[in-house]
Amino acid sequence: MSQERFKAEILPIRERLFHIAQRILVEEQEAEDAVQEVLLKLWYTRDSLDKYDSPAAFATTVTKNHCLDRLKIKNRQDSLDESYYSRAGTDNPYLQLERKNTEEILQKIIENLPALQQAIIKMKDVDEYEVEEIAEITGTKVEAVRVNLSRARKKVREEYIKLTKA
Amino acid sequence: MKIRLQHKMKFEEANRLIERYYEGLTSGEEEKKLQQFLAQPGLPERYEPEQALLGYFNHKKEKKHISLIPYKRWASTAAVVVLVLVGSQVFFIQNQRNYAYVDGKKITNVHEIKSQALASLSDIALSTDEVEEGFKNINDNELVEQQLDVFSGLEK
């Protein structure tokens, strides 16, 4: 699927995808993040979208599954969070990382970012998209992308310093 | 400590870019400049997190570029060069006399020149998928026809 077709066929159903996401995830901001993640996912696989009779229907299915996965992860995390952070001492996976090299540390930190921030930082800093392009693909405001990018970069810096200078 | 920065970024500018980088305001171009600044040896310790972070991303970008530019890219570039050479050669020859050299042999027959040019074009086109892809938009025949238009006057 070409860039133009993606914009013509997928972006117009953004609103519908958002409603699906909100029905599953309830919270508005979470639904918004989920939709952006789905759109980025679809963007990266746009070459294979032509396979489907209705790319729009496919996008709907992807959104539904993505939100259900998110919900599952969220429920699991809620119950794990406490035990994870209370883990002290040398078996903390974060502390073990200290001994490893910079690249592995940064990779791990980035993998632990919220999914949307992760996708955006990779698009900007590795795949060399500009913020404006990401906004166009996700059908969001440039400012929203910038804020997520900024949060991601600041978080990576903060975690990196925490892990290496401790 | 004084660091020589010939034609390179001053610390103030680097600091400003770093600040903008964390606000998500830098363009790809500015990030490239910042990365160049950070890649210098002997920078103060305070730049270490940025050196690590931008260095990491730069490494990822390089890896991506390397995997994206295998020989196919070179093959298509070579094909274009050959195409231009064939075209200009035919043109050049026309300017002098109505014959062409193919593999060192002098050919004066327009049809034979045409078929030789076509054959060499399809050789190129068949070399890789990507090149074939690129050629979809160009009708070989038409192209050669165009280049050889100059001969048609002579033929008649």
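What to note about this one:
- With a Förster radius of 45 Å applied to the C-beta separation of B:ALA119 and A:VAL26, the computed FRET efficiency comes to 0.10.
- Radius of gyration, Dmax [the range B:11-68; alpha carbons; angstrom]: 11.6, 36
- The simple Förster model, with R0 at 45 Å and r as the Cβ-Cβ distance, assigns A:GLU158 and A:ASP53 a FRET efficiency of 0.45.
- Debye-formula intensities of the range A:1-86, expressed as log10 I(q)/I(0) at q = 0.12, 0.13, 0.22 Å⁻¹, are -0.40, -0.46, -0.98 (one equal scatterer per alpha-carbon, no solvent).
- For the range A:9-44 versus the range A:126-160, the spacing of their alpha-carbon centroids is 17 Å.
- Where a label projected 7 Å from the Cα of B:HIS59 along Cα→Cβ would reach, residues of the range B:12-39 with amide N under 20 Å: B:31-39
Each reported figure results from applying straightforward, stated rules to the coordinates on display, with no laboratory input. Everything quoted here is computed from the prediction, not taken from an experiment. Glycine also receives a Cβ, built like all others from the backbone with ideal geometry; neighbour counts cover every protein chain displayed.
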